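Below you'll find the structure, written out as structure tokens, and then a few comments.
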């Protein structure tokens, strides 16, 4: 759900999620969408997309040595890989992410 394509609360027609029924529409509830939108706001402040920030955050978790991405096009892969250009987080950003997610 950390793809920015769900910010409006819908699953895009023709998307992998719609075809495979991986993400159920009933999971996109207002409380979760509000959290995703707050995370998206922080990502924009950092100059990143939400998926880029999610990958960058994951790569900062102790014990995590790699991140699997689900890119399905060369363009999406190029965009997602940009996450490694900005992997540093301030203490305030990490605290804000914790507050949003908990």
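Quick note: the coordinates plus some simple rules give every number you see, no bench work behind them. Here the structure is a predicted model, which means the values were calculated and not measured. Quick reminder, even Gly has a Cβ in these numbers, built from the backbone with ideal geometry, and neighbours come from all protein chains shown.
List of remarks:
- Relative contact order of the range 4-101: 24 percent, from C-alpha pairs under 8 Å at least 6 residues apart in sequence.
- Residue of 82, 38, 62 that the Gaussian network model of the chain assigns the largest fluctuation, springs spanning Cα pairs under 10 Å: 62
- If you run the Gaussian network model on the chain, springs between alpha carbon atoms under 10 Å, then out of 32, 64, 55 the most flexible one is 64.
- For the chain, built as a Gaussian network whose Cα springs stay under 10 Å, the top-fluctuating residue of 42, 77, 68: 68
- Options (1) 1.09; (2) 1.18; (3) 1.00 - which one matches Cα Rg over 2.2 N^0.38 Å as calculated here: (1)
- A straight line joining the Cα centroids of the range 35-51 and the range 68-83 runs 17 Å.
- The range 55-101, relative contact order in percent, only Cα pairs under 8 angstrom and at least six apart counted: 43
- Listed by Cβ neighbour count within 10 Å, with the fewest neighbours leading, 95, 31 appear as 31, 95.
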